[in-house]
Amino acid sequence: MDKSISLELRYQTLMGSDYCITSRRTSTYNCIAWAAGEDHRPWWPLPSELAPYYWPEVDKDESLEDFISAFKTLGYASCDYGSLEEGYEKVAFYLDEEDLPSHMARQLDTGLWTSKCGDLEDIQHNLEDLEGGYKYGYGKVSHFMKRKKT
Amino acid sequence: MIINCSNASDITTFSFKRVTKKSIKQLTYPVSKNNNSAINNQFIKKDYKDPNIKPVPSRLPDPVYIFKNLKQKEFAELVAKWKEETTGSSSLSKKLLNFAYLRIIAMGEAAVPLILRELKNSPDHWFVALKAITNTNPVSSDASFDQAVQDWLKWGQDKGLID
């Protein structure tokens with residue numbers, strides 16, 4: 001399985017874990033878009049005239065509440081755990097030291113998670129592999145949402 | 001510039017030899033000891049054709065070249081710093097409010113061709129910087145990232161800012 005030194009230097013908890021790289025580096029999309037199932041534009045709550053940046057709702061900020069609201073528009077509802085549930089797909093929210101969303105991951109059928117790491121590669125990983133403090137991780141996994149698979 | 005001086009009985013001659021990359025020009029300026037204005041007001045100009053003397057290239061670069069080089073160096077350093085500090089971040093706010101990114105915007109119009117070249121070679125989040133500097137936006141509201149790159153490159157080509 002492919003690994004990356006530059007990823008491990010930025011997210012030091014990846015060192016020694018079983019993560020693997022699943023894409024090339026690109027800035028075309030970010031972790032939020034990837035969690036939502038898109039790979040052609042970055043998602044972030046910026047002013048709407050700043051295309052190609054996209055957000056499903058207008059006049060929103062970077063709070064967890066507004067991220068939850070955006071994923072509700074995709075059919076997700078909040079849930080308590082990130083464990084694998086038959087018939088559901090889940091997303092996880094990481095919060096930084098200021099309790100602001102710093103990253104999102106999407107659960108795979110295997111129970112592992114897939115993440116787009118900034119402008120770097122996509123990886124398959126365990127949730128705790130990307131946790132960590134400033135510069136060395138995305139903070140803590142703090143919220144989950146799920147929706148029925150179609 | 002080379003200055004020679006020779007003395008005749010009545011006239012002191014100052015010769016100015018100007019060596020450029022392409023030619024050697026010699027200006028001779030005679031000064032009469034008797035203050036003869038007819039002599040003092042004339043320049044004797046001739047091309048210096050001595051094949052044994054090779055032109056000496058100027059050691060001073062063109063000031064415009066120096067300015068462009070400094071801007072390119074500053075831009076390259078800021079891009080490297082911006083990427084180092086934000087490449088791993090998922091937050092677009094952190095990328096777009098990074099101090100190095102703001103410094104690039106502060107470079108103004110001089111940065112636009114450099115940004116466009118960077119966008120062409122290594123597509124990245126340059127759309128906001130370009131919009132902020134140029135006060136224009138050629139990107140449609142539903143554009144993908146790749147389409148936005150192409151829209152800005154076409155805009156730059158139309159303006160003659162990039163090949």
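The values are calculated or read from the model by the stated rules, or taken from the named source; none is laboratory data. Remember, it's a predicted structure, so these values are computed and weren't measured experimentally. Note that we place each Cβ from the backbone using ideal geometry, even for glycine, and neighbour counts take in every protein chain shown. All accessible areas refer to the heavy atoms of the entire protein, side chains included, with ligands and DNA or RNA removed. Shrake-Rupley method; radii C 1.70, N 1.55, O 1.52, S 1.80 Å.
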| task | Check whether at least one residue in the range A:16-28 is hydrophobic (A, V, I, L, M, F, W, C) and crowded, with 20+ Cβ neighbours inside 10 Å, and report yes or no. | result | no
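Restricting to the range B:79-103, give me the number of residues that are free of Cβ contacts under 8 Å to residues at least 24 places away in the same chain, of a type outside the set (Phe, Trp, Tyr) and open to solvent by 50 Å² or more (accessible area, probe 1.4 Å). If you could, list the steps in order and put the result at the bottom.
Initially, the range B:79-103 is screened for residues free of Cβ contacts under 8 Å to residues at least 24 places away in the same chain, giving B:80-82, B:84-91, B:93-94, B:97-100, B:102.
Adding the requirement that they be of a type outside the set (Phe, Trp, Tyr) leaves B:80-81, B:84-91, B:93-94, B:97-98, B:100, B:102.
If we keep only those that are open to solvent by 50 Å² or more (accessible area, probe 1.4 Å) too, we end up with B:80-81, B:84-85, B:94, B:97, B:102.
Counting residues in the range B:79-103 that are free of Cβ contacts under 8 Å to residues at least 24 places away in the same chain, of a type outside the set (Phe, Trp, Tyr) and open to solvent by 50 Å² or more (accessible area, probe 1.4 Å) gives 7.
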| task | Hey, can you tell me all the residues within the range A:5-45 that are touching a Phe, Trp or Tyr at 6+ places or on another chain (Cβ under 7 Å), assigned to a strand (DSSP E or B) and either in contact (Cβ under 8 Å) with a residue 40 or more places away in the chain or at the interface with chain B (Cβ under 7 Å from one of its Cβ atoms) (or both)? | result | none
| request: Taking only the range B:128-163 into account, find how many residues are open to solvent by 40 Å² or more (accessible area, probe 1.4 Å), closer than 15 Å to B:Phe75 by Cβ and in a helix (DSSP H, G or I). | output: 0
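Here is a yes/no grid of residues against (1) among the hydrophobic types (A, V, I, L, M, F, W, C); (2) within 14 Å of another protein chain (Cβ to nearest Cβ); (3) open to solvent by 30 Å² or more (accessible area, probe 1.4 Å):
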{"site": "A:Tyr53", "(1), (2), (3)": "no, yes, no"}
{"site": "A:Val58", "(1), (2), (3)": "yes, yes, yes"}
{"site": "A:Ala77", "(1), (2), (3)": "yes, no, yes"}
{"site": "A:Lys90", "(1), (2), (3)": "no, no, no"}
{"site": "A:Glu97", "(1), (2), (3)": "no, yes, yes"}
| field | Tabulated pairs, the range A:51-66, first closer than 18 Å to B:Asp142 by Cβ, second open to solvent by 50 Å² or more (accessible area, probe 1.4 Å) and not basic (Lys, Arg), C-beta under 6 angstrom, 6+ apart or interchain | value | A:Ala51/B:Ser141; A:Pro56/A:Thr73; A:Val58/A:Ser48
| Out of all the residues in the range B:104-127, which are surrounded by fewer than 19 Cβ atoms within 10 Å (Cβ to Cβ), touching an Asp or Glu at 6+ places or on another chain (Cβ under 8 Å) and either aromatic (Phe, Trp, Tyr) or outside any loop (DSSP other than H, G, I, E, B) (or both)? | B:Glu118
